[in-house]
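The values are calculated or read from the model by the stated rules, or taken from the named source; none is laboratory data. Treat the numbers as computed from the prediction; the structure is a model and nothing was measured. Because the Cβ atoms are built from the backbone with ideal geometry, glycine has one as well, and the counts that use them run over all protein chains shown.
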């Protein structure tokens, strides 16, 4: 597909939701809204130069990833993170917990189990955000965005083998962090542990076989 076949309004409508979701996972909600607009300004400005050498989705994810890297490395981003961390407080969510698991989409019938899952998911996401930039990026693109290793390699401009190595190391690092810091969720007396291990943590222990 060449630039002559592309319509920016259609591209924006098709890709805006998934790119916005991706940016939230990369830089956080506070930064993602403005950054999303910036990404699609770049897409609009560069559309005429798109020759179709790669998939359109890969090209757009590459622009979004580069924009996220620029933001993550900026001094203003680090100041914002420090300010938010210093002023953060526990929020009370008055709405009912979601009835589907974040990772599997399966329904969770018990309120207690929903609470455990919500806390577990929060713990996982917190420690994903502490991973080094290269590890966090491949993990998000693979596990959350569902992209293949080949697509990730094209987005990041690295070899397929490099993607596989980073994914393996990211998963290992994350498992270590969770084992050391989220252990309270895995106490054997907890009746919800077996299901948590089968579902919420499946991607950490089993998906490496697919790389």
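For segment 133-147, which residues satisfy the criterion of being more than 16 Å from residue 60 (Cβ to Cβ) and modelled with pLDDT of 90 or more?
133, 134, 135, 136, 138, 139, 142
When you scan segment 148-176, how many residues do you find that are assigned to a helix (DSSP H, G or I) and either within 19 Å of residue 56 (Cα to Cα) or without any contact (Cβ under 8 Å) to a residue 12 or more places away in the chain (or both)?
We begin by selecting, within segment 148-176, every residue assigned to a helix (DSSP H, G or I); these are 149-156, 160-176.
From what's left, either within 19 Å of residue 56 (Cα to Cα) or without any contact (Cβ under 8 Å) to a residue 12 or more places away in the chain (or both): 149-156, 160-162, 165, 172, 176.
Qualifying residue count for the region: 14.
Given the conditions (1) without any contact (Cβ under 8 Å) to a residue 60 or more places away in the chain; (2) within 16 Å of residue 154 (Cβ to Cβ); (3) touching a helix residue (DSSP H, G or I) at 6+ places or on another chain (Cβ under 6 Å), which single one is not true for residue 53?
For residue 53, the failing item is (3).
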